[in-house]
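Undergrad: Okay, here's the structure, questions in a sec.
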Amino acid sequence: MMSTENIPDLVILGAGPAGTAAAAFAAGKSLNVELLDQNQAPATLPLIEWLPAGADHLLEKLKVNRDEHVVGAVDTVRFIDAKNSRTAKTKLKPPVDLVLTHRLLEQLRSMAGERGAVVSAGTRIVSIDPREEKVHLVSATDQEFTGRLLVAADGTESWAAKKLGIYPKTQSRHSMSCQWASLGADLPKKTGQKPSAELSLLFTSDSLADFSYVYHAGDITLVGLITEAPPDRVESKFQFTVDWGKDDGVLPSDLVIDPGNLVHRTIPRGLALDMETHGAKRSLVIGDAGGFIPALSHDGLYPAIWSAELAVETCVSALDSPHPQDALSEFDHRWRRDMVEYLRLPNVDLRFLLPLVFSNEQMAQKVARAFVYGENL
Ligand SMILES: Cc1cc2nc3c(=O)[nH]c(=O)nc-3n(C[C@H](O)[C@H](O)[C@H](O)COP(=O)(O)OP(=O)(O)OC[C@H]3O[C@@H](n4cnc5c(N)ncnc54)[C@H](O)[C@@H]3O)c2cc1C
């Protein structure tokens, strides 16, 4: 509709939650879209993530059926201070959804396809060249792709953002994350089942930015770790969490975790706030690639989809504008206006907050909501 040439309006690099949602939003606005990913299909290791209700309106716009990807819910948060043996519990209303990420991705990918987006899987991009009228990309197998605009959603430590010269040289808060999830043998066949249970948040240091989480309900077992510790300490910290979970009785005592089944990733917490811009020539950067991760929690799924929607709205204006570059620069204003409150670090010293969680029910409730809903303190 908007093309003046026979090239896609948008080429989207990366088919994670951000890129796939962008493809579905853009195709829904009648843009011609090509979505590229180096992988053939969404990840094989299960990843279960909590997704705040704030994301529901975005998924409704994408016509994604939540019964297909919601596999559980958290209705209680239990804080554990491993150093001082203190605990505190608080109820969450409403419970927060636990989402099977690869199933959500499959849904988003089919919605993008149904709306006309072309998905080129198994395509690793190794060159980006933004030109006057279009952006030119080349894959590792010398395939060429061109779009009038590029949306880069290639994930944490984005190669594209570095190539486009918009990745900050120094980053203030990078964390490591590591998760193991087990779904039970026949879970993929079940839909609409949502066992609600407690999420245990285990703190082994004085920092709220360094924690483990354990969830076990029905067929679902989830053990994860977010830490600012060096990468070589991640697995021992993870093992500490598993041992603690077994001692505490929250994990089955015979649970065996194969280290080969751990999902590791660097989490660019709060990085978006450190980036001067998310736009380059004919390009925007979204999702983890743009550092759209709240500075306190690590829930990047909602901001990935949110930044995708804002980027697509910006691209629609840019494609219609005689000055596309000026129109693209609006993205920085849009996301700062809408998302800053969600992403920014609380205006309080986190070291002083942790002890309060164990002595003050109101504070426990606030901090729990900050972790699982991304609400600011
Ligand atoms: C262990 C763990 C637990 C998490 N838990 C939660 C949680 O509970 N709640 C929550 O909201 N968030 C959670 N997150 C964060 C969330 O998963 C991410 O923020 C989200 O996946 C970001 O989506 P994205 O599309 O930006 O990036 P990604 O999902 O990383 O997708 C990037 C895509 O780009 C592709 N790509 C990269 N480079 C190239 C290239 N050169 N050529 C072609 N393709 C390329 C990759 O193959 C990949 O498919 C968790 C993350 C991890 C690792």
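Every read-out reported here was derived from the displayed coordinates using simple, explicitly stated rules and does not represent laboratory data. This is a predicted model, so every value here is computed, not measured. Glycine also receives a Cβ, built like all others from the backbone with ideal geometry; neighbour counts cover every protein chain displayed.
Undergrad: Which order, highest average first, do 249-259, 225-235 follow once you tally other Cβ atoms within 10 Å for each residue and take the mean per peptide?
TA: 225-235, 249-259
Undergrad: Got a sec? Which residues in segment 205-248 would a label at residue 261 touch, if it sits 7 Å along Cα→Cβ and we count backbone N under 14 Å?
TA: Label zone hits: 219-224.
Undergrad: Within segment 268-288, list the residues whose amide N lies under 18 Å from a label point set 7 Å along Cα→Cβ of residue 341.
TA: Under 18 Å, as judged by backbone N against the label point of residue 341, lie 273 of segment 268-288.
Undergrad: Then there is this: Label points 7 Å out from Cα along the Cβ direction at residue 352 and residue 67: separation in nm?
TA: 5.0 nm
Undergrad: What is the antiparallel percent of DSSP beta bridges lying wholly in the chain, to the nearest 5?
TA: 70 percent
Undergrad: What number comes out for the charge environment of residue 263, summing +1 per Lys or Arg and -1 per Asp or Glu over other residues with Cβ under 13 Å away?
TA: -2
Undergrad: Using +1 on the beta carbon of Lys and Arg, -1 on that of Asp and Glu, and nothing else charged, what's the dipole of segment 10-372 about the Cα centre, debye to 20?
TA: Dipole of segment 10-372, to the nearest 20 debye: 420 debye.
Undergrad: Please give me the summed charge of the neighbours of residue 280: other residues whose Cβ is under 13 Å from its Cβ, Lys and Arg +1, Asp and Glu -1.
TA: Local net charge: +2.
Undergrad: Next up: Lys/Arg Cβ at +1, Asp/Glu Cβ at -1, dipole of segment 10-372 taken about the Cα centre: which of 333, 27, 289 is farthest positive-ward?
TA: Looking along the dipole axis, the top candidate is 333.
Undergrad: Given the Cα-Cα distance of residue 313 and residue 325 and 0.36 nm per residue of separation, how much length would full extension add, in nm?
TA: So the extension gain works out to 2.9 nm.
Undergrad: Could you tally the net charge around residue 304, taking each other residue with its Cβ under 11 Å from the Cβ of residue 304, Lys/Arg +1 and Asp/Glu -1?
TA: Here the charged neighbours net out to -4.
Undergrad: Still on this structure, I have one more. Based on the alpha carbon coordinates of segment 247-377, what radius of gyration and maximum Cα-Cα distance (Dmax) apply, in Å?
TA: Cα radius of gyration and Dmax of segment 247-377 are 19.1, 65 Å respectively.
Undergrad: Across 5 Å bins from 0, what is the distribution of all Cα-Cα pair distances for segment 1-85, in whole percents?
TA: Reading the bins upward from 0: 3, 10, 16, 17, 17, 13, 8, 7, 5, 3, 2, 1, 1, 0.
Undergrad: Let me ask you something else. Evaluate the distance, in nm, between pseudo-label points positioned 7 Å from the Cα of residue 276 and of residue 118 along their respective Cα→Cβ axes.
TA: A separation of 3.6 nm, rounded to one decimal place.
Undergrad: What FRET efficiency comes out for residue 240 versus residue 377 if R0 is 30 angstrom and r is the Cβ-Cβ distance? Round to the nearest 0.05.
TA: After rounding, the FRET efficiency stands at 0.65.
Undergrad: If you average 1/r across every pair of different Cα atoms in the chain and take the reciprocal, what Kirkwood value do you get, in Å?
TA: Taking every pair of different Cα atoms in the chain, averaging 1/r and inverting gives 21.2 Å.
Undergrad: Okay, next question. If each of residue 140 and residue 91 carries a label point 7 Å out from its Cα toward its Cβ, how far apart are those two points in nm?
TA: That separation, rounded to one decimal, is 5.2 nm.
Undergrad: Taking a 25 Å limit on the Cα-Cα distance, which of the listed pairs 83/237; 194/237; 29/169 fall beyond it?
TA: 194/237; 29/169
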